[in-house]
Structures are given as structure tokens and as C-alpha cells.
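Undergrad: Structure incoming, see below.
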Amino acid sequence: MDIGYLTSDAMKYPSRDFKKVIILGLLFLISFLIVPAFLVIGYVFRVIKWSIAGVDELPDFDEWGEMFMDGLKIFVVELVYFIVPSLIMFMGIWASIGSFISLSASESNLAPAAVYSAFSVMGGLLILGVVVALIFGVFFVIGVANMAYYDGELGAAFRFREIMDIIKAIGWVDFIIWYVMMILVAMAMGFIATVIGLVPILGWFLIILVLYPYLYLLYARAVGLLFVSGLETQ
């Protein structure tokens with residue numbers, strides 16, 4: 001797998017139809033209404049499907065009911081995959097709150113030990129939660145792509161034997177390099193968003209209307225191409 005070509009293609013992909021990027025951005029803008037948020041997820045899923053099918057153009061905004069249902073399915077899949085790491089991180093936060101409550105009820109000479117204990121528990125569980133989330137994220141990425149390959153069949157996201165076969169076909173080293181690269185791209189976009197966000201109002205509109213949809217489309221395209229590379233080498 002040529003990771004350089006894959007990343008380059010994914011980065012150029014959103015610019016093939018800037019009007020659709022803006023439409024997706026408008027859905028982002030009103031995503032607080034809940035329904036548009038699922039439409040955003042459904043459209044991103046459609047990008048993965050089209051990319052796996054070999055289509056180089058951005059999908060049309062049509063069949064809104066199907067797009068909404070796809071978004072709902074992805075939400076369910078994400079919930080199942082990440083409920084465990086989320087619970088671990090929640091336990092860390094809850095444990096730290098409990099420690100601070102104990103601290104407030106304790107004598108002052110116990111304060112340093114209680115503070116250290118609170119931060120140790122919270123930090124350890126949060127780090128564990130992040131690590132577990134990153135591991136589960138590997139399977140989530142290919143699970144969603146496998147679901148796209150089977151035209152939105154929910155169960156395909158949890159066929160772990162098929163998911164493992166695709167990952168092995170891609171190659172664990174190449175997959176991890178791709179995974180890290182996507183994280184670095186997201187971090188770079190986060191830095192750009194921070195800089196743009198310094199401009200009042202206009203900056204935030206640019207982030208929501210352009211930067212967020214660009215990043216989501218880039219990621220979806222990259223996932224689709226990654227999955228295809230695994231299919232081709234099986």
C-alpha cells in the first residue's frame with residue numbers, strides 16, 4: 001500500500017466539489033438540531049461507500065432518509081465500540097471526584113496525600129481509557145468500512161474475523177503508520193482551527209463551514225482507500 005499516494009488523494013478529494021463541502025458545512029452549522037448531525041455522519045459514511053466502489057467524485061446530497069439511517073447506524077456502532085473506554089475514563093473522573101470529596105472532609109495534614117491519590121487515580125484511568133480507545137479505534141475504522149462494503153449492513157461492522165483478515169491484508173505496520181498519520185493530520189487541523197478561531201465570528205464560521213467538513217471528507221476518503229487496498233491484496 002502506498003500510504004503517501006493514499007494520503008495525497010484523500011487530501012485533494014474534498015476540493016473536487018467545493019460546493020458539496022459547503023453544504024456539509026451548513027449541516028455542521030445546524031447540527032445542534034440533532035437530525036442534521038446524523039445526516040453529516042450518513043454523508044461521511046456515503047463517501048466511504050463510494051470510495052470503496054471506486055467512485056472518485058463526492059456523493060450527491062439525495063436520499064435523505066437513507067442518509068439519516070446510515071448516520072444512526074454509525075452512531076450505534078460507535079457507541080458499542082467505545083462504551084468500554086468511555087466507562088474507564090468516566091470511572092477515572094468519578095474516582096477523582098470521590099477523592100476530592102474525601103479530601104474536603106479530612107484533616108488538613110492529609111491534604112497532600114489525598115490530592116496525590118486523586119490525581120493518580122484520575123490520570124491512570126484516563127490514560128488507560130485513551131489507550132483502550134485507540135486500540136478499539138483500529139477495529140472500529142475497518143468495521144465501519146466493512147459495513148460500507150456490505151451496503152450499510154449493521155452486522156458487518158462486528159464481523160471480527162473479516163475485519164482481522166482485512167487488517168492482515170493491509171499489513172499491521174502499514175495500518176499503524178496510516179493510523180498515526182491520520183492522528184497527525186487531525187492534530188494539524190486542530191492547530192489551524194486554533195489559529196483561525198482567533199478571528200472573532202468569521203473564524204468560527206470558516207472552521208465550521210470549511211475546515212470541519214474538509215477534515216471529515218479527507219478521513220472518509222482515506223478509510224475507503226485503505227479498505228480497498230486490503231481487498232486488493234487478499
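The values are calculated or read from the model by the stated rules, or taken from the named source; none is laboratory data. All of these numbers come straight from a predicted model, not from anything done at the bench. For neighbour counting, all protein chains shown are included, and Cβ atoms are generated from backbone atoms with ideal geometry for every residue, glycine included. All accessible areas refer to the heavy atoms of the entire protein, side chains included, with ligands and DNA or RNA removed. Shrake-Rupley method; radii C 1.70, N 1.55, O 1.52, S 1.80 Å.
Undergrad: Gap in Å between the Cα centre of segment 168-186 and the Cα centre of segment 1-45?
TA: So the two Cα centres are separated by 20 Å.
Undergrad: Provide the three semi-axes, in whole Å and in decreasing order, of the ellipsoid equivalent to segment 1-92 as defined by the square roots of 5 times the Cα gyration tensor eigenvalues.
TA: Each semi-axis is √(5λ); the values are 26, 20, 13 Å.
Undergrad: What percentage of the solvent-accessible surface of the chain, computed with a 1.4 Å probe over protein heavy atoms, is contributed by carbon and sulfur atoms?
TA: 75
Undergrad: How big is segment 122-196 by the Kirkwood estimate over distinct Cα pairs, in Å?
TA: Roughly 14.1 Å, rounded to one decimal.
Undergrad: How many Å² of accessible area per residue for the chain, probe 1.4 Å? Can you show the working numbers first?
TA: Working: 12420 Å² over 234 residues.
With the other protein chains kept in place, the chain gives 53 Å² per residue.
Undergrad: Please get the size of the charge dipole for the chain, origin at its Cα centre, with Cβ charges of +1 on Lys and Arg and -1 on Asp and Glu, quoted in debye to the nearest 20.
TA: With only Lys, Arg, Asp and Glu charged at Cβ, the dipole is about 380 debye.
Undergrad: Once both axes come from the Cα atoms, what is the angle between helix 172-196 and the longest principal axis of the chain, in degrees from 0 to 90, rounded to 10?
TA: That works out to roughly 80 degrees.
Undergrad: May I ask for the angle, rounded to the nearest 10°, between helix 18-29 and the longest principal axis of the chain, with both axes built from Cα atoms and the value confined to 0 to 90°?
TA: 30
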